[in-house]
């Protein structure tokens, strides 16, 4: 075999290997992407019904209900235009409270109910997750208390 043919085979195998690695990497990224939706978008049917996504907004005042004998909790997330009921089993973040920004990651049970597997809360008084601030601004109910970064 000539040296020229060896170089050509090497280049072909290198390009094929690089292409395969790129396809595997892109597939891994697409499987791990978690999209964010506001309650209004979820109720409008824009959110996926079979895959994991995030829903965020404010924890509605007076909506938190805790179970007496388990770690079950349910609460309402609102973007001031629409609400969605969220249920969660586990320990909530220390900063979770009514009237504050929250993001819940999980799946839809039905059109009005969401089962969260993870709850993310704000980390200081002046912070709101950018997705939540944008959703509140889009619904026309954002106040000066939550500036968008």
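The values are calculated or read from the model by the stated rules, or taken from the named source; none is laboratory data. Nothing here was measured: the structure is a model prediction, and the numbers come from that model. Note that we place each Cβ from the backbone using ideal geometry, even for glycine, and neighbour counts take in every protein chain shown.
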Inset, instruction - Might you let me know whether the stretch 16-36 holds any residue that is touching a helix residue (DSSP H, G or I) at 6+ places or on another chain (Cβ under 8 Å) and closer than 20 Å to residue 117 by Cβ? - result: yes
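Which members of the stretch 108-118 meet the condition of being surrounded by fewer than 18 Cβ atoms within 10 Å (Cβ to Cβ) and in a strand (DSSP E or B)?
Across the stretch 108-118, the qualifying residues are 113, 115, 117, 118.
Among the residues of the stretch 78-93, what is the count of those that are part of a loop (DSSP other than H, G, I, E, B) and either surrounded by fewer than 18 Cβ atoms within 10 Å (Cβ to Cβ) or over 16 Å from the mean Cα position of the chain (by Cα) (or both)? Working first, answer last.
Within the stretch 78-93, the subset part of a loop (DSSP other than H, G, I, E, B) is 79-82, 90-93.
If we keep only those that are either surrounded by fewer than 18 Cβ atoms within 10 Å (Cβ to Cβ) or over 16 Å from the mean Cα position of the chain (by Cα) (or both) as well, we get 80-82, 90-93.
Total satisfying the criteria: 7.
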Inset, instruction - Only residues that are exposed (fewer than 15 other Cβ atoms within 10 Å of the Cβ), touching a strand residue (DSSP E or B) at 6+ places or on another chain (Cβ under 6 Å) and in a loop (DSSP other than H, G, I, E, B): list them for the stretch 53-77, please. - result: 71
Legend entry - Residue within the stretch 99-107 that is modelled with pLDDT under 90 and either loosely packed, with under 11 Cβ neighbours inside 10 Å or part of a loop (DSSP other than H, G, I, E, B) (or both) present: yes
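Check whether at least one residue in the stretch 119-129 is at pLDDT 85 or above, touching a strand residue (DSSP E or B) at 6+ places or on another chain (Cβ under 8 Å) and surrounded by fewer than 13 Cβ atoms within 10 Å (Cβ to Cβ), and report yes or no.
no
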